[in-house]
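The values are calculated or read from the model by the stated rules, or taken from the named source; none is laboratory data. Please read these numbers as outputs of a predicted model, since none were measured by experiment. Quick reminder, even Gly has a Cβ in these numbers, built from the backbone with ideal geometry, and neighbours come from all protein chains shown.
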Amino acid sequence: MNGKSSVDVNNISFKNRIGYGVGDFASNLIFTGFAFFLVYFYTDIVNIPAAIVGTVMLVSRLFDGVSDIIMGVIVDRTKSRFGKARPWLLWMAIPFGISAALVFFVPESDSLTLQIAYIFITYNLVSLFYTAINIPYGVLNSLITNNPYQRSLLNIARAFMANAGVIVVGQLVMPLVAFFGGGKEGWQYAFIVLSIISAVLFLITFLSSQENVTAQNHKQHDLKPALGALVHNKYWWLALLFGTLFFVVIGLTFNTPVYYGKYILNDPSTIGTLILCLIVPQFPTLFLMPNIVKRWGKRLTCQFGLICLVVSYLLIQIDPYHSDLVFASTIIKGIGLAPLIGSFFAILADTVEYGEWKTGLRTEGLVYSAGSFGSKVGIGLGTAMVGWVLGAGGYVGSEAVQGDSAITAILAVSIWYPLVVTLLTFIILCFYQLDKIFPTILKELENRKRAS
């Protein structure tokens, strides 16, 4: 039973919005935990060279991106009493949790090759299960409602809960590691706890969500015409490019606070403060977003966020070693991230209707998975850039003091590289005009359904 008839897709309840958003809390307990701490764990706890870590991350993300496409096709072809996206949350919650914990059990060995092999295998294993649960979770947005405003509310709830997860990770991981004795074992037990919580939360999302939207044509489409429809969806291409560039910024932003606090501000205790400054300002911004999106549309809302990011990067360059200025800059950055995180997946969902209107084919799974491919490649590239630039700068993990070139490298991946990518992202969004024609598209699709 999915209870479609009992749900008003034009008025999704607050309870159901939060229930959907909890899934991103679950994702970010692991995803953000990896983003903030995994590169550091590999370089400073396991002592793997930074450049090797960056390369492993990028190669793994490319594999992960290919699995996204495959998973999108699988979701579009899934038939169950729970729907086509929702059941994957039930099936994959526990495997995802187990695989996430295994990442931190890198064996003690004199063989660097063995350790790299273990890192590659376990990181790709958790990425595979993450794909199998996160692609359906993202697709679920377009199946809960086709109302663009309600989708924005769902994504704002998702972003709100995601940020709550980020705060929990940012404030809880280091104390948990210390509580469990520190060292590698402390990290292992800390992520066992986070993995269990994540699996339980995904099950809660499964129980509190419903699929309510059906395609104009219920016929299952072959892969070739579905891919053809995707290729001709110009707004999907723009969303893909926007997402790839934006997530490069995310990859750079989330991987650098631990290095910035430890080596630029020379105070590891500021790491948690940097994370708070990045995340806490997003909450009030997300509360304002429903009215902002309603008045400005998704494109202008995202461009406002990008302008805030540019201001933050210019401000910090006045004195990148002054902690108060760095905190103020990070707060502005957090305000800018909220509109982008809160709108990207809603933009991607809107390209589903555009593709259906343009080609007659509705392929939520393929649209979302291909978009997710871009986001994962972006994060992988951003993460790899951190490793490569630190490696080129002569960064040595676990060293108390880094050389001048390593300090310059940390500043580059924290400020200069994300500034350039942010400016490119702003330019790409100038070509996105779907907000203007979307109401007409929805009306015409509804007329087609009635006629058929």
Against the definition (closer than 30 Å to Asn134 by Cα and under 18 Å from the mean Cα position of the chain (by Cα)), how does Ile415 come out, yes or no? no
If we scan region 387-408, do we find a residue that is under 25 Å from the mean Cα position of the chain (by Cα) and closer than 30 Å to Lys294 by Cβ? no
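Table: residues versus (1) at pLDDT below 90; (2) among the hydroxyl-bearing types (Ser, Thr, Tyr); (3) more than 21 Å from Phe304 (Cα to Cα).
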position: Gly371; (1), (2), (3): yes, no, yes
position: Asp404; (1), (2), (3): no, no, yes
position: Tyr417; (1), (2), (3): no, yes, no
position: Leu424; (1), (2), (3): no, no, no
position: Gln433; (1), (2), (3): yes, no, no
Go through region 53-73 and report how many residues are within 20 Å of Phe254 (Cβ to Cβ) and either in contact with a helix residue (DSSP H, G or I) (Cβ under 7 Å, 6 or more places away or on another chain) or crowded, with 23+ Cβ neighbours inside 10 Å (or both). 12
Of the conditions (1) in a helix (DSSP H, G or I); (2) surrounded by fewer than 23 Cβ atoms within 10 Å (Cβ to Cβ); (3) touching a Phe, Trp or Tyr at 6+ places or on another chain (Cβ under 8 Å), Leu154 clears all except one; give me its number. (2)
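Report whether or not Thr122 is free of Cβ contacts under 8 Å to residues at least 24 places away in the same chain, part of a helix (DSSP H, G or I) and polar (S, T, N, Q).
Answer is yes for this residue.
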Restricting attention to region 252-274, which residues are at pLDDT 90 or above, β-branched (Val, Ile, Thr) and either under 16 Å from Tyr395 (Cα atoms) or within 21 Å of the chain's Cα centre (by Cα) (or both)? Thr253, Thr256, Ile264
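Can you tell me which residues in region 92-107 are in contact (Cβ under 8 Å) with a residue 40 or more places away in the chain and over 14 Å from Phe41 (Cβ atoms)?
Met92, Ala93, Ile94, Phe96, Gly97, Ile98
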Here the qualifying pairs (Cβ atoms under 7 Å; residues six or more apart or on different chains; first in region 239-250 and at positive phi; second in a helix (DSSP H, G or I) and surrounded by 24 or more Cβ atoms within 10 Å (Cβ to Cβ)) come out as none
Test for Arg77: is it over 24 Å from the mean Cα position of the chain (by Cα) and among the charged types (D, E, K, R): yes
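Of the residues Val139, Val126, Val177, Val103, which single one is crowded, with 21+ Cβ neighbours inside 10 Å and at pLDDT below 90? Spell out how you get there, then give the answer.
Numbers: Val126 fails: at pLDDT below 90; Val177 fails: at pLDDT below 90; Val103 fails: at pLDDT below 90.
One residue alone meets the criteria, Val139.
Taking region 74-92, which residues are outside any helix (DSSP H, G or I) and surrounded by fewer than 23 Cβ atoms within 10 Å (Cβ to Cβ)?
Thr78, Lys79, Ser80, Arg81, Phe82, Gly83, Lys84
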May I ask you to verify whether Gly54 is under 21 Å from the mean Cα position of the chain (by Cα), closer than 27 Å to Ala226 by Cβ and modelled with pLDDT under 90? no
If the requirement is being more than 27 Å from Pro175 (Cβ to Cβ), touching a Ser or Thr at 6+ places or on another chain (Cβ under 9 Å) and not basic (Lys, Arg), which of these qualifies: Pro95, Pro87? Pro87
Give the residue that is nearest to Ser99 (Cα to Cα), with candidates limited to residues of region 180-213 that are assigned to a helix (DSSP H, G or I), at pLDDT below 95 and among the small types (Gly, Ala, Ser). Gly183
